[in-house]
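Just so you know, all these numbers are worked out from the coordinates, no wet-lab data involved. From a predicted model like this one, the values you see are computed outputs, not experimental measurements. All Cβ positions, glycine included, derive from the backbone under ideal geometry; neighbour counts span all protein chains shown.
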Amino acid sequence: MKPEENEIREMLRQALPPVNPELEADLWPRMLRRLDERHARMSWMDRILLLAVSAGVIAFPAVIPQLLYQL
Amino acid sequence: MDAMAEVHEVDDLGRRFAEGNLDAFETLFRRHQTEVFGWITRIVRDQALAEDATIETFWRIYRARARFDARREFGAWARRIATNVAIDALKAKPREIAGIERDVPVAPGPIADAAMNDAVRRAFGLLPAKLRAAASLALIEEQPHAQIAAALGISVAAVKSRVHRSVELLRKSLRRLQVTP
């Protein structure tokens, strides 16, 4: 390591408190909550999309052949 | 378990995870959460933030599961994603993390240890997130350059270059704050 890097490293070590990299709690319960939230959000969005498509099809039945063609 | 059986088990776990099996994801999460959290903590230097970033990392991993190649090492892949998440976290909260107020001047004249440390923290917090991550891992945590390079998705030479630029910027900031390294 170059001398100037060494100097800066010593200054950083003095200034920044050491961190504890040990995990003190199992994060899986939080992860599960995150997964549940996202799944719930996706199904809500799916519902809105479904409603929008249904409303569009009812209002403009002529688009049905075009939609089927796109599928 | 012999070596062949272990390799088969890891491959099978990776394959099930890639197919969206939640039990396989849980197993991988429990195996790697400590390592991912430790790596992120070394970059963001804040435990609460590191916990949030660990969850975000595994969320991104879960979303990207279909792209996971079961023949690759899950830990290395997770560390790469964790590094990106940690850098995003540094970008989002640069001042709060280091406790920095950008515009507060350091008093001129001889500088006491506490003021010196404050100036160093401030200069460190002003580094761009990518440089701060490289400096934290290489200079403070002394992680091997090859490991940092793999996690950042860059070459070892690029890591050295980032560390060098960090040192230069820190020296410049400290000179501006009238602290001579």
Q) Leaving out same-chain residues fewer than 8 places away, which aspartates and glutamates sit with a Cα under 12 Å from that of B:LYS130? A) B:ASP88
Q. Out of A:LEU50, A:LEU32, A:LEU12, any idea which swings most in a Gaussian network model of chain A, alpha carbons joined below 10 Å?
A. A:LEU12
(Q) Explain nothing, just compute: Karplus ³J(HN,Hα) = 6.51 cos²θ - 1.76 cosθ + 1.60, θ = phi - 60°, for every residue of the stretch B:25-38 in order, whole Hz, x for Gly and Pro. (A) 4, 4, 4, 5, 4, 5, 6, 10, 4, 5, 5, 5, 4, x
Q: Report, as an integer, the average count of C-beta atoms from other chains found within 10 Å of each Cβ along A:22-28.
A: 6
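Taking the number of other C-beta atoms within 10 Å as the exposure measure, put A:ILE8, B:ILE43, B:ILE55 in order starting with the fewest.
Arranged by neighbour count, lowest to highest, A:ILE8, B:ILE43, B:ILE55 become B:ILE55, A:ILE8, B:ILE43.
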Q) By how many degrees, between 0 and 90 and to the nearest 10, does the Cα long axis of helix A:3-15 differ from the longest principal axis of chain A? A) 80 degrees
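Please give me the summed charge of the neighbours of A:LEU12: other residues whose Cβ is under 11 Å from its Cβ, Lys and Arg +1, Asp and Glu -1.
Details: positive: A:ARG9, A:ARG13, B:ARG45, B:ARG121, B:ARG132; negative: A:GLU5, A:GLU7, A:GLU10, B:GLU141.
My count for the surroundings of A:LEU12 gives +1.
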**Q.** Shape call, the stretch B:26-81: gyration tensor on alpha carbons, a/c limit 1.5
**A.** prolate
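Cβ under 9 Å from B:ILE43's Cβ, B:ILE43 left aside: what net charge do those residues give with Lys, Arg +1 and Asp, Glu -1?
Details: positive: B:ARG42, B:ARG45, B:ARG132; negative: B:GLU141.
Neighbour charge sum, excluding B:ILE43 itself: +2.
So between B:GLU26 and B:HIS164, what do we pick up on full extension, going 0.36 nm a residue minus the alpha carbon distance?
Extra length available between B:GLU26 and B:HIS164 comes to 45.7 nm.
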Q. Cα axis of helix A:28-59 to longest principal axis of chain A: angle in degrees, 0 to 90, nearest 10?
A. 30 degrees
Q. For the residue pair B:ASP52 and A:ARG38, what label-to-label distance in nm results when each label sits 7 Å from Cα along the Cα-to-beta-carbon direction?
A. 1.7 nm
Q: Just add up the charged neighbours of B:VAL120: K/R +1, D/E -1, any other residue whose Cβ is under 12 Å from the Cβ of B:VAL120.
A: +1
Q) Residues of B:136-142, mean number of Cβ from any other protein chain within 10 Å of their own Cβ, rounded to a whole number? A) 4
Q. If you count, for every residue in B:57-65, the Cβ atoms of partner chains within 10 Å of its Cβ, what is the mean?
A. 2
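Taking neighbour counts of Cβ atoms within 10 Å as a proxy for exposure, in what order, fewest first, do B:VAL156, B:VAL36 appear?
On the way: B:VAL156 14, B:VAL36 27.
The fewest-first ordering by Cβ neighbours comes to B:VAL156, B:VAL36.
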